[in-house]
Amino acid sequence: MAPPAQPGVPGGRGSKVPPARKLLCMCSLSLCLTYLCYSLMGGAGPAALRSPAAIPATAAPGAPRSPAALPGTAAPRSPPGPPGSAAAPTASAAPPRASNGSRDAGAWTRTPLAPGEVIAAQSGAFERDPQESSTTDEELSRAGSRGTTPDYGEKRLPQALIIGVKKGGTRALLEAIRAHPDVRAVGTEPHFFDRNYEKGLQWYRDVMPKTLEGQITMEKTPSYFVTNEAPRRIHSMAKDTKLIVVVRNPVTRAISDYTQTLSKKPEIPTFEVLAFKNRTLGLIDASWSAIRIGIYALHLENWLQYFPLSQILFVSGERLITDPAGEMAKVQDFLGLKRIVTEKHFYFNKTKGFPCLKKPEDSSAPRCLGKSKGRTHPKIDPDVIHRLRKFYKPFNVMFYQMTGQDFEWEREESEK
């Protein structure tokens, strides 16, 4: 059963509905009526809206729907059970694409999300996608057996987790915090709380590196942030777990996400085609994971059902590039660590466009992230970027209000 919400925590059961939420509900009604008119004019008729397989799209120029009807909303809670007791998820077939400039859903594989994430349509239909990852059981086994520490100490469950977001800068943060002598972290992504939960906590513990008393055990799996079951499961493991979320301008993040998929599947449609449910009407396809992940406010609501804001640190993916030492100071303070990772640990690589790590005590070459990081983004139609900015803006404002932080994504875009 979910713990009672703390006073003043957004999304908690005892908190008042903020004015912005009421406005969103009012706008959602207007949007539904608009979408109905569009459907009737296009010949689809009301029956198309009643189709159980339909995933609603969101118009870029309009306001977003009510959080309860969008991805990331908390599902009704059941008492947390032991690992392996959760019912196996059921998947629904993705709806076929419309023929008006769109594509067939069966013609390619989308960039997927965590198996625990669901998207609730207004009709009650659900879509579920598996999270893309290169981590294998063999890699996890090797990581657990060798680790990065000498063969002494003991394996512990993590006290802190980097839970998101994909293509936000989580790998850079993990490598930077691993430079701290009081932090030990597994290099691979365990995906315990989204796809390996049935293996149990002992399996999870065995994956972790050995630590000494006073050291912090960490791991990072970016898909946790968009996995509905993850907050409950993590709270069940340890309710005092510290959570770190690296966030990035959702438009840039979506393009980066697409770029990664494109590098592996060159045959997929263009970003412009995938981003819209209907390009002519400007209907953004919020069921595409590259778009959906960036609706941070709605995913955060799920976490605030179990954890107070004081246990969640939001790291700016942009400032992690422009001021890595400053962001790492916040991370070390949040974890209760001495500020050891400082500007002396970073060297800006102009070729890659982001900082590399170096050891301040020697003259060895800086260690940069691999070739999969810092890929050149494809050129995107400026009109598509403009529509995405309008789509994300109300969600960004809501996220700023919930976290008490202004990430200045709108200001950043106006200066371009």
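A short reminder: the numbers here are calculations on the coordinates, not readings from a lab. What you are looking at is a predicted structure, and each value in this text was computed from that prediction instead of being measured. Ideal geometry is used to build each Cβ from the backbone, glycine not excepted, and the neighbour counts take in all protein chains shown.
Taking H placed 1.01 Å from N in the peptide plane, check which residues at least 5 places from residue 249 or on another chain put their amide H under 5 Å from its amide H.
Amide H to amide H, under 5 Å and 5 or more residues apart or across chains, residue 249 pairs with 318.
Could you run the Karplus curve 6.51 cos²θ - 1.76 cosθ + 1.60 with θ = phi - 60° over the range 389-399 and give me ³J(HN,Hα) per residue in whole Hz, x for Gly and Pro?
4, 5, 5, 7, 3, x, 5, 5, 4, 5, 5
Taking 0.36 nm per residue of sequence separation and subtracting the Cα-Cα distance, how much length would be gained by fully extending the chain between residue 408 and residue 156, in nm to one decimal?
Taking 0.36 nm per residue and subtracting the Cα distance, the gain is 86.9 nm.
Which of 322, 295, 340 sits closest to the plus end of the dipole of the range 282-341, meaning its Cα is farthest towards the positive end, when Lys and Arg get +1 and Asp and Glu get -1 on the C-beta?
Of the listed residues, the answer is 340.
Longer than 32 Å from Cα to Cα, which of 199/264; 199/350; 242/358 are they? Say none if no pair is.
As for pairs spanning more than 32 Å Cα to Cα, those are 199/350.
For residue 239 and residue 201 in one chain, what is 0.36 nm times their gap in residues minus the Cα-Cα distance, to one decimal in nm?
12.2 nm is the gain from fully extending residue 239 to residue 201.
For each pair in 167/344; 220/338; 239/344, compute the distance between the two Cα atoms and list the pairs where it is over 29 Å.
Beyond 29 Å: 239/344.
How would the range 155-211 be classified by its alpha-carbon gyration tensor: rounded, prolate or oblate, with rounded meaning a/c under 1.5 and the a/b versus b/c comparison settling the rest?
Judged from the Cα gyration tensor, the range 155-211 comes out oblate (a/c at least 1.5, b/c at or above a/b).
Around residue 288, which amide H atoms from residues at least 5 apart in sequence, or from another chain, sit under 5 Å from its own amide H, with H modelled in the peptide plane?
Those lying under 5 Å, H to H, from residue 288: there are none.
Select from the range 243-348 those GluC sites (Glu not before Pro) which occupy a DSSP coil region and have at most 15 other Cβ atoms within 10 Å, ordered by residue number.
267
From the square roots a ≥ b ≥ c of the eigenvalues of the alpha-carbon gyration tensor of the range 143-239, which class results: rounded (a/c under 1.5), prolate (a/b over b/c), or oblate?
Verdict is oblate for the range 143-239.
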